[in-house]
Amino acid sequence: MKSVLIIATAAALAATAFSAWLYEGEWGSRGTGNGQFGFPRTVSVAANGNVYVGDSGLNRIQFFTPSGSFLGKWGSRGSGNGQFDDLEYLTVAPNGDVYVTDYDSCRVQYFTPSGSFIGKWGRRGYGHGEFIGPDGIGVAPLGRVYVVDSGLDRIQYFTPTGSFRGLWGSRGSGNGQFEWPGCLTVTRNREVYVGDIELNRIQRFTGSGSFLDKWGASGVGDGQFDEPLGLAVAPGGNVFAADTGNDRVQYFTPGGSFLGKWGIFGSGPGEFDSPFDVAFSPDGKRIYVADTRNERIQYFKRTNPAVAPASLGRVKALFR
């Protein structure tokens, strides 16, 4: 039994600490046609594996198969239902509905998986359910919708149809405070991670806003950021951040310990020019990156090399 436990722990250690993310494919180019983009800012993946991309420069949403074959689109510039003044972030809810923040219109809209308009809420203001620049958005497993109210340095949360339920945050550098929060993601156990752009840090909260952890600082070192504009949590709990200004993706344990990174500035495979967002396939074996200024989506696959002998020795030492 002891040897089985050692082997299982070694495998977990390998999957966590020695995973590598290798380039697998890409799609997209600059343009207005199907499968082309004009500033693809945000990406999210549905439970069936389809990939939704918010094409902010064209104020539209396109969706694709897991390998990038075009399936459909909707949206245009405007203030009507299904239109956007400044499409910011999108997320696919567990039931398949697509929630989108419209920055300039200060509202949230939501749609069926194929783009039919369902509803909306929000307007410009300082009250509950009002926004000054709604930004990142995430949906918890039971449907609660979290919205980054960036201009007011707070997080608001709602029922799936937009009824206000609570908020937290204020301007400042303390725990639970923000200086221009941007992106947000919600885990399977309903914890909320928020990227704080001006402070170049990530904070973690309970679903009701109680502070749990933080990490990050301005810089180019491991665990430092130059505008973390996209966040995603893998099924195993590790946190992945689009480090936009540093043209890379970094990943961490749930509490913020640095695990790895990849990417440099460029336009080749595995290179980035301002990656704005990241999203996982349902099984966690593939990650999609919105390579925004390269006008494409890149995707990477996880590989788990065999446990190195030294690593196995570390595990054995735990049981002596």
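The values are calculated or read from the model by the stated rules, or taken from the named source; none is laboratory data. All values derive from a computational prediction rather than experimental measurement. As a convention, Cβ positions derive from the backbone with ideal geometry for all residues, glycine included, and neighbour counts pool all protein chains shown. Quick note on the areas: whole protein, heavy atoms, side chains included, nothing else; ligands and nucleic acids left out. Shrake-Rupley method; radii C 1.70, N 1.55, O 1.52, S 1.80 Å.
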Subject >> Per-residue ³J(HN,Hα) for region 103-115, Karplus 6.51 cos²θ - 1.76 cosθ + 1.60, θ = phi - 60°, Hz, x for Gly and Pro >> reply: 4, 6, 7, 6, 8, 10, 10, 9, 9, 5, x, 9, x
Original post:
Taking only C-alpha pairs under 8 Å that are 6+ residues apart, what is the relative contact order of region 90-138 in percent?
Top reply: 34
**OP:** Could you sort out which of Lys120/Lys285; Lys214/Lys301; Lys261/Lys285 sit more than 22 Å apart by Cα distance in this structure?
**Re:** Lys120/Lys285; Lys214/Lys301
**OP:** Determine, from the Cβ-Cβ distance of Phe211 and Asp273 and an R0 of 30 Å, the FRET efficiency 1/(1 + (r/R0)^6), rounded to the nearest 0.05.
**Re:** 0.30
Original post:
Using modelled backbone amide H atoms (1.01 Å from N, in-plane), which distant-in-sequence or interchain residues come within less than 5 Å of Gly82's amide H?
Top reply: none
Original post:
So what J values fall out for region 254-262 if you push phi through Karplus, 6.51 cos²θ - 1.76 cosθ + 1.60 with θ = phi - 60°, rounded to Hz, Gly and Pro as x?
Top reply: x, x, x, 6, 5, 10, x, 7, 7
**OP:** Please give every one of the aspartates and glutamates within straight-line cross-link reach of Lys73, meaning a C-alpha to C-alpha distance under 12 Å, and leave out same-chain neighbours fewer than 8 residues apart.
**Re:** Asp55
Original post:
Which whole-number percent is the relative contact order of the chain (Cα, under 8 Å, 6+ apart)?
Top reply: 16
**OP:** Please compute the net charge surrounding Val220, taking Lys and Arg as +1 and Asp and Glu as -1 over other residues with Cβ under 11 Å from its Cβ.
**Re:** -2
Original post:
Round to a whole number: what % of the accessible area of the chain belongs to carbon and sulfur, probe 1.4 Å?
Top reply: 51
**OP:** Could you run the Karplus curve 6.51 cos²θ - 1.76 cosθ + 1.60 with θ = phi - 60° over region 295-304 and give me ³J(HN,Hα) per residue in whole Hz, x for Gly and Pro?
**Re:** 6, 7, 10, 10, 9, 10, 10, 7, 10, 10
**OP:** Would you mind calculating the relative contact order of region 188-251 from Cα pairs under 8 angstrom and at least 6 residues apart, reporting the percent as a whole number?
**Re:** 23
Subject >> Sparse-neighbourhood loop sites, chymotrypsin sites (Phe, Trp or Tyr not before Pro) in region 148-256 - DSSP loop, at most 13 other Cβ within 10 angstrom >> reply: none
Original post:
Ser173 to Asp86: FRET efficiency via 1/(1 + (r/R0)^6), r the Cβ-Cβ distance, R0 22 Å, to the nearest 0.05?
Top reply: 0.20
Subject >> Calculated on alpha-carbon atoms, Rg and Dmax of region 150-210 in Å >> reply: 11.2, 32
Subject >> Rounded to the nearest 20 debye, dipole of the chain from Cβ charges on Lys, Arg, Asp, Glu >> reply: 1100
Original post:
Between the helical axis of 2-17 and the dominant principal axis of the chain, each derived from Cα atoms, what acute angle in degrees is found, rounded to the nearest 10?
Top reply: 40
Original post:
When only DSSP loop residues count, what trypsin sites (Lys or Arg not before Pro) in region 44-146 have their Cβ near at most 16 other Cβ atoms within 10 Å?
Top reply: Arg123
Subject >> Fully extended contour minus Cα-Cα distance, from Leu71 to Ser218, at 0.36 nm per residue >> reply: 49.0 nm
Subject >> Low-density loop cleavage sites - GluC sites (Glu not before Pro) in region 162-237, where at most 15 other Cβ are within 10 Å (DSSP) >> reply: Glu179, Glu198
Subject >> Rounded FRET efficiency, nearest 0.05, which uses the C-beta distance separating Leu142 from Ser257 and R0 of 41 Å >> reply: 0.90
